[in-house]
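First comes the structure, then the notes that go with it.
A short reminder: the numbers here are calculations on the coordinates, not readings from a lab. Just so you know, these numbers come straight off a predicted model, no measurement behind them. Note: ideal-geometry Cβ built from the backbone for every residue, glycine included; neighbour counts use all protein chains shown.
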Amino acid sequence: MTALSGKVQTVLGLLDPAQLGRTMTHEHLTMTFECCYVPPPTGDDAVSEAPFEMRNMHWLRQNPYSSQENLLLCQEIEAVRDELQYYRQAGGGTIVENTTTGITRNLPSLKQLAKDTGVNIIAGAGFYVDVTHSDETRKMTVEKLTDIIVSEILHGADGTDIRCGVIGEIGTSWPITESEKRVLRATAHAQSQLGCPVIIHPGRHTTAPTEVVRILQEAGGDISKTVMSHLDRTIFDYGELLEFAKLGSYLEYDLFGTEMLDYPFDLEIDMPSDSQRVQALSFLVKEGYEDRIVIAHDIHTKNRLTKYGGHGYSHILKNIAPKMLTRGISQGQVDKILIHNPKHWLTFK
Ligand SMILES: [Zn+2]
């Protein structure tokens with residue numbers, strides 16, 4: 001038990017969980033993603049370096065990681081502020097901004113955005129995938145990593161007094177690297193001390209989420225307070241999905257709005273459409289998992305902002321929630337997914 005018990009921690013301080021309202025559980029408002037640049041397809045060098053114009057937007061949707069400019073969401077604070085105002089008008093209450101060390105977390109900007117827009121913003125503690133770990137991070141013991149994560153939640157992060165309210169997104173690759181395993185164990189240790197929510201970015205392999213759960217569990221983590229992100233690009237077979245669901249984590253479909261033919265990070269993967277995502281949610285609800293589902297857009301590149309013709313942070317509220325109602329999901333179940341499940345996850349034990 002700590003002072004955090006029964007509360008949610010936003011960048012503006014502690015909050016009564018009933019104040020959260022509709023919550024996107026996996027977003028980025030400011031970050032950099034240069035770590036994951038992918039060279040453009042043959043012959044596309046010119047368009048990959050071209051300025052943002054309407055005629056390039058379809059190309060960017062198909063090749064979002066092949067434009068250096070597109071990977072700098074950090075440059076769009078003004079546009080993001082406008083988007084958050086629109087998100088509030090659309091009925092949104094809270095955003096989990098789970099940018100961690102390695103992809104340029106910016107806590108002062110998050111605090112200012114929360115003040116300016118009235119949207120509750122919850123920041124993320126910990127470390128992204130191995131390619132972004134510094135040499136210093138790689139050399140750290142599990143104990144040292146645990147101390148850092150605990151301190152980011154209890155005292156503040158990045159030299160500020162602004163506190164994180166969730167651990168993650170904790171980045172893992174496939175196969176999971178040794179440095180990532182230490183961070184996962186530190187995450188579990190910090191979670192068992194603090195009773196806090198955890199969110200995981202699994203590697204791109206169908207068994208990656210299960211392997212992460214195993215490592216967290218062995219280190220004393222609380223899987224019932226852990227979100228497994230990106231299931232829409234990780235587990236495709238419904239049988240495998242049910243096997244994973246039985247492990248008891250929250251099941252997150254968080255790439256709403258992402259529709260692309262070739263997924264640049266793994267060409268074997270067929271990225272589902274939003275309709276297919278809704279079908280997967282409908283399936284999980286019918287199988288009894290309505291208390292375990294959370295959803296988001298995971299905006300992490302510029303082209304997904306409405307400023308550039310993208311879907312923005314309100315796509316789920318404006319388009320996906322109504323669609324869910326037409327596919328066998330009741331209003332009460334939609335409210336669970338958007339309000340109640342995030343609230344229970346985010347409340348410190
Ligand atoms: Zn993310």
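For the reader, a short list of remarks on this structure follows.
- 29 Å Cα-Cα threshold exceeded, pairs from Lys139/Lys349; Lys225/Lys307; Lys7/Lys302; Lys181/Lys225: Lys139/Lys349; Lys225/Lys307; Lys7/Lys302
- With all projection directions averaged, the alpha carbon convex hull of the chain covers 16.1 nm².
- Spatial separation of Cα centroids for segment 55-82 and segment 160-234, in angstrom: 28
- For the chain, calculated [θ]222 nm from helices alone, where every DSSP H run of n ≥ 4 adds -39500 (n - 2.57): -9500 deg cm²/dmol
- Residues in segment 126-161 that a label on Lys115 would reach, taking backbone N under 16 Å of a point 7 Å out along Cα→Cβ: 160-161
- Inter-label distance, nm, simple model (7 Å from Cα along the C-beta direction), Ala46/Lys246: 5.6
- Sequence of Met271, Met260, Met228 once ranked by neighbouring C-beta atoms within 10 Å, starting from the fewest: Met260, Met271, Met228
- Top of Thr226, Thr234, Thr99 by mean-square fluctuation, Gaussian network on the chain, Cα under 10 Å: Thr234
- Model label points for Ile77 and Met57, set 7 angstrom from Cα along the Cα-to-Cβ axis, are 2.6 nm apart.
- When each of Tyr128, Tyr308, Tyr263 is scored by the number of other beta-carbon atoms lying within 10 Å, the sequence from fewest to most is Tyr263, Tyr308, Tyr128.
- Difference of contour (0.36 nm per residue) and Cα-Cα distance, Glu69 to Phe265: 68.7 nm
- Put in line by how crowded their Cβ is, counting other Cβ atoms within 10 Å and starting with the fewest, Trp345, Trp174 read Trp174, Trp345.
- Cα centroid separation - segment 118-139 against segment 273-349, whole Å: 24
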